Amino acid sequence: MLEAIRYFSLRALRNMRQWPFLCMAAILTMAISLATIATFFLIVVNIEQLAARWTGEIQVIAYLNTPPSQQDVVRLTEDLEQIEGVETISYVSPAAAMERFRDHLGTDESLLEGIRADLLPASFEIGLLPEFRHQEGIEIIVARLEEILPVDDLRYGQTWLERFNTFINMLRFIGAFLGGFLLFATLFIVANTIRLTLYARRDELEIMALVGATMRFIKIPFMLEGAIQGFIGGLLSLMFLGVSFSLIISRGVDAFWLTPVDFDLLFLTAGQQLLLVVAGVVLGVLGSLSSLRRFVRI
Amino acid sequence: MIQLYNVSKRYSRDSVAVKDLSVKIDKGEFVYVTGASGAGKTTFLRMLYIAERPTRGQILVDGQNITRIRSHQIPYLRRKIGVVFQDFKLLQSRTVFENVAFALEAQGKKRFEVSKKVYQALKEVGLEHRLQRKPLELSGGEQQRIAIARALVVDPLILLADEPSGNLDQDVTMDIMELFKRANARGTTVLLATHDYSLHRRFPRRVLTLDEGKLVGDQRPLEMATAKQ
């Protein structure tokens, strides 16, 4: 067994040394393909993260038909705290609402002279947990609010939320579509590059079959070679992404017009980095296998 | 050792390489397969090491019906057969030693065994001093001798040679024929496809003659001598 592992590993390494140009071509193709997919993934993830920050502003305002008493405010606040998905609750009395309005008007506050202090309705401002900051989540909470509160009107930026939902869905659809397309193109390019490297070595494959080598004996070194190339390709793509990412960070992401000042770009997590390298290995092995099928006929 | 019963090989409706061929070759025989170009010599040999499957008929090699053999069993059959080609089919990126060792490694032989047998096989063909050379650094005759060493290193029951002297001059051809005769003397059945009639005049052996895929002659040395008289 050890003898076999040693022999196959040596043969894989020797093959790579004997065909350095072909080997480099396969490695670079895989590195570029993986880096392209990972870059695309990072772009989608970061846009989603950025979009998720906009939803931080989402809150539901429940305007009440009559101002509740002090005891009712306490009771209603306790009831509201029981609703799943509610993060913050803030009661705004008619007087506090008027005060805010006055602040808003600034120098034009004289416009409010003669207007009753309790003209504006009392309201509850309800902040939501991040996982409920979407249309379905809000609708669940709104339904509960209507049961608990004597609601006159409910406001939560319905139109904006609908548009935002459409945007996110479209982003995910385009992400999945382009991602799938890129993945397919990557598989195609890698398989063809490996096929080209095997084509150059078809004599070797033919002679192997001729002298009585089993399929296993023929395939294992090539698969091992594909795995090594995929591993190196995966590491190279990771290095390329790391360097590009730190360059972007060092140049300052806030230079981009759409990023908020305190926005941190997301990079691949440790698990995703490992996945990228494993994907390289799998790509290399599958690419070799699919091409070998064409060249080795026993 | 080799038996063919009504074997035909058809590539398309109009292209028949071998037609209704029946022949029996005993263990340890030395047989020439002759005929003009396109007579079906190569197809005949290719069917014996299952590079081609016959369209009709049965082929038995060492008692095994190879027309019914499964793909995964083919390598094990090929280990009993050494094949030598006109174009040598050597790996140019490997040394002489590696080229010969390749056949043994493919059969999963141990390292010490490989080294010993490769050296013996190269000594047999007189190239033990060229171990570390690459094939392209050697002459055509030397390259063919490496190919023969590769075919013989596995101690095959059968040695198939397809126009082995096609690219070689007369002197080298005589050396190559000596190697085949020696292998035959050790008990290996040899089938040599050639259109060089001078070969069987110099080394008289059984001759199978093919014409347009059909067996038109099967002469043994005695019959040939009688025919001459």
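Just so it is clear, none of the values below were taken in a lab; they were calculated from the coordinates. Just so you know, these numbers come straight off a predicted model, no measurement behind them. Note that each Cβ is placed from the backbone with ideal geometry, even for glycine, and that neighbours are counted across all protein chains shown.
Using the structure shown, select from B:K109/B:K134; B:K110/B:K181; B:K27/B:K181; B:K24/B:K117; B:K24/B:K181 the pairs with a Cα to Cα distance greater than 26 angstrom. Checking Cα-Cα distances, B:K110/B:K181; B:K24/B:K117 exceed 26 Å. Among the GluC sites (Glu not before Pro) in the range A:113-190, those placed in a DSSP loop whose Cβ has at most 15 other Cβ atoms within 10 Å are A:E113. P(r) for the range A:116-202, from all Cα pairs and a bin width of 10 Å, is 13, 25, 19, 14, 11, 9, 6, 3, 1, 0 %, short bins first. On a per residue basis, the convex hull of the C-alpha atoms belonging to chain A measures out at 191 Å³. Counting Lys and Arg as +1 and Asp and Glu as -1 over every other residue whose Cβ lies under 13 Å from the Cβ of A:F132, the net charge comes to -3. Sorting A:M16, B:M174, A:M1 by the number of Cβ atoms found within 10 Å of their own Cβ, with the fewest placed first, yields A:M1, B:M174, A:M16.
Helix A:135-148 and the long axis of chain A differ in direction by around 30°, with both axes built from C-alpha atoms. If the label point is 7 Å along Cα→Cβ of A:I174, which residues in the range A:20-48 have backbone nitrogen under 18 Å from it? Zone members listed by number: A:37-48. Kirkwood analysis of the range B:65-166, using all unique Cα-Cα pairs, places the hydrodynamic radius at 13.9 Å. In chain A, the calculated helix contribution to ellipticity at 222 nm averages -24000 deg cm²/dmol per residue, counting -39,500 (n - 2.57) for every DSSP H run with n ≥ 4.
A Cα-only calculation for the range A:28-124 places Rg and Dmax at 23.4, 77 Å.
Across peptide B:104-114, the average count of Cβ atoms from other chains found within 10 Å of a residue's Cβ is 3. The angle separating the long axis of helix A:158-199 from the principal Cα axis of greatest extent in chain A is about 10 degrees.
Near B:S8, once Lys and Arg are set to +1 and Asp and Glu to -1 for all other residues with Cβ below 9 Å from its Cβ, the sum equals +3. Using the Stokes-Einstein relation with a Kirkwood hydrodynamic radius computed over Cα pairs, the translational diffusion coefficient of the range A:148-298 at 37 °C and a viscosity of 0.692 mPa s comes to 166 µm²/s. A straight Cα-to-Cα reach below 19 Å connects B:K41 with the aspartates and glutamates B:D14, B:D20, B:D26, B:E29, B:E52, B:D87, B:D162, B:E163, B:D196, B:D211, B:E212, B:D218, residues fewer than 8 places away in its own chain not being considered. Shape annotation for the protein assembly as shown: C-alpha extents along the principal axes are 144, 47, 38 Å, from largest to smallest. Taking Lys and Arg as +1 and Asp and Glu as -1, the other residues whose beta-carbon sits under 12 Å from that of A:E84 total -2. Per residue of peptide A:2-13, the mean number of Cβ atoms on other chains within 10 Å of the residue Cβ is 1.
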